[in-house]
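What follows draws every value from the coordinates through simple rules; no lab data is involved. If you're wondering where the values come from, they're calculated on a predicted model, not measured in any experiment. A quick note on method: Cβ atoms are made from the backbone with ideal geometry, for glycine too, and the neighbour counts reach across all protein chains shown.
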């Protein structure tokens with residue numbers, strides 16, 4: 001197994017797990033590593049997994065891999081990549097049994113942070129410890145297992161995942177935005193805090209304004225497409241405009257009684273998940289819940 005970390009020149013990062021000795025790379029969605037670069041072929045190349053032990057560059061993308069040889073560890077990492085939370089605790093115990101105590105502590109500190117209020121002194125102490133521990137861990141492994149330490153909401157509807165404050169860059173922070181099970185900030189998840197907070201406050205304000213579907217005889221997906229083709233309507237319904245973190249999105253907000261409906265689509269041809277281009281996604285949640293989540297995000301930041 002190899003954990004492949006994908007870094008883009010714009011600053012965003014992703015990873016995939018490949019359970020083979022050879023890794024396929026290209027624009028087509030059936031590759032192990034999908035790179036949304038129009039200069040690359042659909043099936044661009046293959047590499048031996050061990051060749052990724054040192055960084056390899058493809059256009060604006062850099063790949064680096066971390067090899068995993070133990071079959072039990074590989075099975076645990078595969079389960080974790082699939083979203084199996086309990087496997088994290090099992091993996092931490094396994095790491096301790098194999099004298100990888102700092103790696104086990106890294107996992108446990110992350111889990112402990114999720115149970116604490118971000119404003120508490122215990123949270124600050126554990127956050128400091130987490131930064132100290134992660135410095136000595138393998139880059140690929142750490143990238144695969146690093147989780148945001150503050151999570152608001154469910155990714156299947158609308159969620160925000162917030163990283164630790166950075167003492168060396170106090171106005172920068174990692175924030176992921178998820179909706180309909182999809183990460184919206186896949187191009188750039190490093191925010192400039194003051195600008196981002198202002199944008200979220202504006203989004204919360206707009207979520208109080210009554211805006212029904214402009215074409216009530218059409219479903220929400222068709223409404224999104226019609227609005228996206230009309231510059232005046234785009235300006236009226238545009239939502240979640242947070243700058244570089246969401247500038248690959250057309251995103252609109254509607255209110256239906258007490259509910260909020262959010263639709264979004266990716267438009268950039270270099271979108272890192274090219275199979276999503278052309279699709280419109282939609283979520284529905286109570287308006288009060290949406291506004292409360294945005295206000296909570298502002299308070300944390």
Ratio of the chain's C-alpha Rg to 2.2 N^0.38 Å, to two decimals? 1.07
Once you put a point 7 Å from the Cα of residue 139 and another 7 Å from the Cα of residue 291, both along the Cβ direction, what distance in nm separates them? 4.7 nm
Expected unfolding gain across residue 111-residue 54 under the 0.36 nm per residue rule, minus the alpha-carbon gap, is 17.5 nm
Counting each DSSP H run of 4 or more residues in the chain as -39500 (n - 2.57), what helix-only mean residue ellipticity at 222 nm follows after dividing by all residues, to the nearest 500 deg cm²/dmol? -10000 deg cm²/dmol
The range 247-262 and the range 66-139: distance between their alpha carbon centers, rounded to Å: 36 Å
In whole Å, what is the distance between the alpha-carbon centres of the range 176-220 and the range 39-53? 35 Å
In percent, how large is the relative contact order of the range 172-300, given Cα pairs closer than 8 Å and 6 or more residues apart? 25 percent
Mean Cβ count within 10 Å, highest first, over the residues of peptides 285-294, 110-119: 285-294, 110-119
By DSSP, what percent of the beta bridges with both residues in the chain are antiparallel, rounded to the nearest 5? 95 percent
Set the Förster radius R0 to 35 Å, insert the Cβ-Cβ distance between residue 101 and residue 21 as r into 1/(1 + (r/R0)^6), and round the FRET efficiency to 0.05. 0.70
Degrees, to the nearest 10: 101-113 long Cα axis against longest axis of the chain: 20 degrees
Between the modelled labels at residue 277 and residue 258 (7 Å from Cα along Cα→Cβ) the distance in nm is 4.2 nm
Cβ-based exposure ranking for 172, 250, 205, in which fewest neighbours within 10 Å come first: 205, 172, 250
Cα pair distances of the range 2-67 binned at 10 Å [whole percent]: 23, 61, 15
Contact order normalised by length for the range 71-147, with contacts defined as Cα pairs under 8 Å and 6 or more residues apart; what percent is it? 22 percent
Using 0.36 nm times the number of residues separating residue 147 and residue 219, minus their current alpha carbon distance, what extension gain do you get? 22.3 nm
How far, in nm, would the chain grow between residue 93 and residue 226 when pulled straight, counting 0.36 nm per residue and subtracting the alpha carbon separation? 42.6 nm
Using a Gaussian network model on the chain with a 10 Å cutoff between Cα atoms, which of 49, 169, 41 fluctuates the most? 169
Label-point separation in nm, residue 154 to residue 121, each point 7 Å along Cα→Cβ: 3.7 nm
Computed over the chain: relative contact order in percent, which uses C-alpha pairs under 8 Å that are six or more apart: 14 percent
So what's the angle, to the nearest 10 degrees on a 0 to 90 scale, between helix 287-300 and the longest Cα principal axis of the chain? 50 degrees
Any chance you could give the angle, 0 to 90 degrees and rounded to 10, that helix 71-81 forms with the longest Cα principal axis of the chain? 10 degrees
